[in-house]
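Undergrad: Sending over a structure as structure tokens; questions will come in a sec.
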């Protein structure tokens, strides 16, 4: 009898413990890359970055550093078509720990289903810090997580 209880508890732990968490991810990287390249012209492609965003019960601030060469003109193209919920995008001259941080570009409340591509022609900077402000998701649960991606592509002239 003890063996049956022991084995059944192991089976239950295995079934519930190793159940995969389902995520809804709308990120079609090939389509997003093609779309961004069209908006990047006449600038030459330099780099791109996809950032996966998991919406949780807590608000998040994600930061990506983009090194740039002094004296070059840059264009940054954002694509938010892979996001299921609105976020804010900000570009700063310094990282989030710096007191002399200046915002050089801001897009507030990027909504899914609306405009999904944003173009920013950067002034001459030493570095760019791209911040994504992700709001809290009150519907988040441990088994069903809402996620998506945002991408940016950088070009120079």
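Undergrad: P(r) of the range 24-156 in 10 Å steps, Cα pairs, percent per bin?
TA: Final binned percentages: 12, 43, 33, 10, 1.
Undergrad: Where the centroid of each part is defined by its Cα atoms, how far is the range 94-152 from the range 47-84 in Å?
TA: 6 Å
Undergrad: If I stretch the segment between residue 126 and residue 107 completely, what's the gain in nm (0.36 nm per residue apart, minus their alpha carbon distance), one decimal?
TA: Once the chain is fully extended between residue 126 and residue 107, it gains 4.7 nm.
The numbers here are math on the coordinates, done by the rules we state, and not lab data. Because the structure is a prediction, the values reported are computed rather than measured.
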